[in-house]
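Quick notes on the structure that follows.
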Amino acid sequence: MITVIGGGPAGRIAAMRLAAHGKEVCLFDSRAEGLGGQCLHQGCMVICAQNDVARACEEVRDLQRFGITDTGPVIDYASLQERMTDIQETIAGVLDTETTEAGVTVVSEHARVEGKRVYAGGVEYESEAILIATGSVPRIPAIPGTRIPGVYTAHSLTSLRRSPRRMVIIGSGVIAAEYAYIFHAVGADVTVIARSTLLRGIPEPVAKGARRDLVGVHIREETEVVSIEGAGTVTGVRIRAGGNEEEIPCDTVLIAAGLVPRTEGISGIILGPGGEIQVNERMETNVPGVYAAGDVTGPPYLTPLARREGRAAADAILGIPLKPFPPCIPQTIKLRHEHSFAIHPDAEGNGIRIPSPAGPGSFWLVPDRHTGKSLLMADKKTGKMTGFYEAAPQSSSAAGYLAYLINNGISVDTMESYIEVHPSSEGVAWLMRYCAEQREDI
C-alpha cells in the first residue's frame, strides 16, 4: 500500500495517478470540510468567490457614476460567507467522489510520520512508499496582540460574519493585495502595512499595474508593525516608520504575512532553513521511499506547481521517467483586473506594450483609461517569446497557454496568420501577431 498524507492539490493528484496505475492507495486528510486542501477551503476559491463580489460592487458603482442606475451596492457579508461555504461544500463533495471513484481509499484522520512509519487513529500503517503533501499555513509574525479577537489570517477569515468598517492588513504579498482590493471594494477603509514594498518580488510592470487597482487603499511601505492593540476586541495597530510611531484605528486586522510549510506531526525527515521538507529531483526526502510534494516543500506556493510536483512524486514511486519542470510558471493576481504574467528566467529587455483593448468586462473603464495593459517580451533575433503580462478582466484564461508557448520556445513568427476573437479585452495575442510582422519593434 502507498500512503498519501494530505488531500490538497499535490496529494490528491498523486493519489489518483497512483491508483490509476493499479496501486493500492490510502489518502489521509484531517479536514472536516473534506478534500481540496487550503486552495479550496481558505485560499484560491475564497479569493475567487469574494473577488467576484468585489468586482460586482465596483461595476455597480461605475454604472451609478454614469447615471445608468441610481442604486449603489449593499453587501450582506454574513450571507456572502454562508453561501460561499455552501458552494465550497459542493465542490468538496465532487472532489471526494472523484477521488474515491478513482480507487483511492480516503481516511478522515490526522496522520503523523516518523521516518518511514505512519500512525493515524492509534494504528501504524505499513507502506510501500509515503507521500507527504500536508501543504502550508499562514505565517504569524512575532508581534504582540495576534490573538486578540478581531485578528484574522486567511485561514480564519472565513469565520468573519460582518464587513469591516476599518481594516488593517499586515503583509506585502499577493494575498495582502488581493484582500485589500476585496475589502475596499465592499466598503471598508483599508490600510496595508508593508515591511518593505507592496508586491516586492513581483515583476515591476505587474506590481505597477496592480497598484492602479488599489487606488483608495492606504498603502504604508517600509513600515514596521510594533503591536496590535485591544483587549476584548482589536482597536488598532501601532506602527513605526522613519523613527516615528503612530496607531492606526481599526476594528479588523488581517495577517497576510506569507506562508510556512505545515510540518507538525512529521519527524525523522530533514527540513530546510524555512521549515520546508527537503527533496531531491525525484521529490524524495532523505528517507528512502518517503516523498514530499506541494507547499510542504517550500515556495513558491502555487497550486499548479503543487499538482505538478504531486504527479512527479507519483511517477517517481511508479518508476516512470520524470520530465523536467518548465522554467516559466504562469501566475495571476486577482484584483479589478486579473494581472497574469509569466517571464522566462533568461528574458531580457522591457518588451512592447499597449493598453489592453476595450471589451467584455472593461468597456465601462474606458473613460478612466483603465482597460488594462498588454506586454510581450520576445528575443529580437530569434523571435522566441520570453515573457508576457496581461492586465484584463479574464486574462488568466490564456495565461497557461502563453506560458506553454514560452516554455516550448515558440517564435512570434508562428502567429503571423493568427486570427483573434472579437470582442476581447486581451491584447497579448494581438501583440504576438504584430511582432511577427514588425520584428524590428521588439
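With +1 on each Lys and Arg Cβ and -1 on each Asp and Glu Cβ, how big is the dipole of the chain about its Cα centre, in debye rounded to the nearest 20? Let's see the in-between values first.
Values: 41 positive and 52 negative charges, 107 e Å.
Roughly 520 debye, rounded to the nearest 20.
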Which log10 I(q)/I(0) values, to two decimals, does segment 203-317 give at q = 0.10 Å⁻¹ under the Debye formula with one point per Cα?
-0.54
Reference-scaled alpha-carbon Rg (2.2 N^0.38 Å with N residues) for the chain
1.04
What 222 nm value per residue comes from the helices of the chain, counting each DSSP H run with n ≥ 4 as -39,500 (n - 2.57) and dividing by all residues, nearest 500 deg cm²/dmol?
-9000 deg cm²/dmol
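Assigning unit charges at the beta carbon (Lys, Arg +1; Asp, Glu -1) and nothing else, what dipole magnitude in debye, to the nearest 20, does segment 1-52 show about its Cα centre?
Numbers: 4 positive and 4 negative charges, 38 e Å.
The calculated dipole for segment 1-52 is roughly 180 debye.
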Options Leu302, Val192, Ile277, ranked by Cα towards positive dipole end of the chain, top entry (Cβ charges)
Val192
Under DSSP H, which helices of the chain have Cα atoms covering 15 Å or more of the helix axis and a Kyte-Doolittle average no less than 1.0?
174-185
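Viscosity 1.567 mPa s, temperature 4 °C: what is the translational diffusion coefficient of segment 323-436 from Stokes-Einstein with a Kirkwood Rh over Cα pairs, rounded to a whole number of µm²/s? Walk me through the intermediate numbers first.
Values: Rh = 14.1 Å.
In µm²/s, the coefficient rounds to 92.
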Dipole of segment 83-164, positive end: most advanced residue of Val151, Val118, Leu95 [Cβ charges, Cα centre]:
Val151
Taking every other residue with Cβ under 15 Å from the Cβ of Val123 and scoring Lys and Arg +1, Asp and Glu -1, one gets -2
Points 7 angstrom from Cα along the Cβ direction at Glu245 and Asp52: gap in nanometres?
4.5 nm
Nitroxide proxy distance, nm - points 7 Å out along Cα→Cβ at Glu101 and Val60
3.7 nm
If each part is reduced to its alpha-carbon centroid, segment 351-391 and segment 33-52 end up apart, in Å, by 29 Å
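Beyond 15 Å, what share of the Cα-Cα pairs of segment 277-379 is found? Please give it as a whole percent. Can you show the working numbers first?
Numbers: 3781 of 5253 pairs.
Result for the distance tail: 72 percent.
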To the nearest µm²/s, what D does Stokes-Einstein give for segment 365-419 at 20 °C and 1.002 mPa s, using the Kirkwood radius over alpha carbon pairs as Rh?
172 µm²/s
Which of Cys26, Cys39, Cys48 has the fewest Cβ neighbours within 10 Å, and the rest in rising order
Cys48, Cys26, Cys39
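Where does the charge balance sit around Pro249 when Lys and Arg score +1, Asp and Glu -1, over other residues with C-beta under 13 Å from its C-beta? Numbers along the way, then the final one.
Values: positive: Arg165, Arg166, Arg238; negative: Asp189, Glu229, Glu246, Glu247, Asp251.
Around Pro249, the charge tally is -2.
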Kindly provide the pair-distance distribution of segment 201-269 built from C-alpha pairs, with 5 Å bins from 0 and whole-percent values in order of increasing distance.
3, 11, 16, 16, 16, 15, 10, 7, 5, 1
Leu259 neighbourhood, Cβ < 13 Å, K/R = +1, D/E = -1, net charge 0
How far apart, in nanometres, would the label points at Glu221 and Ile320 be if each is projected 7 angstrom from Cα along the Cα-to-Cβ direction?
4.4 nm
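Rule-based calculations on the coordinates, nothing more; no lab input. Keep in mind that what you see is a predicted model, and the values were worked out from it rather than measured. In this analysis, Cβ positions are derived from the backbone assuming ideal geometry, glycine residues included, and neighbour counts consider all displayed protein chains.
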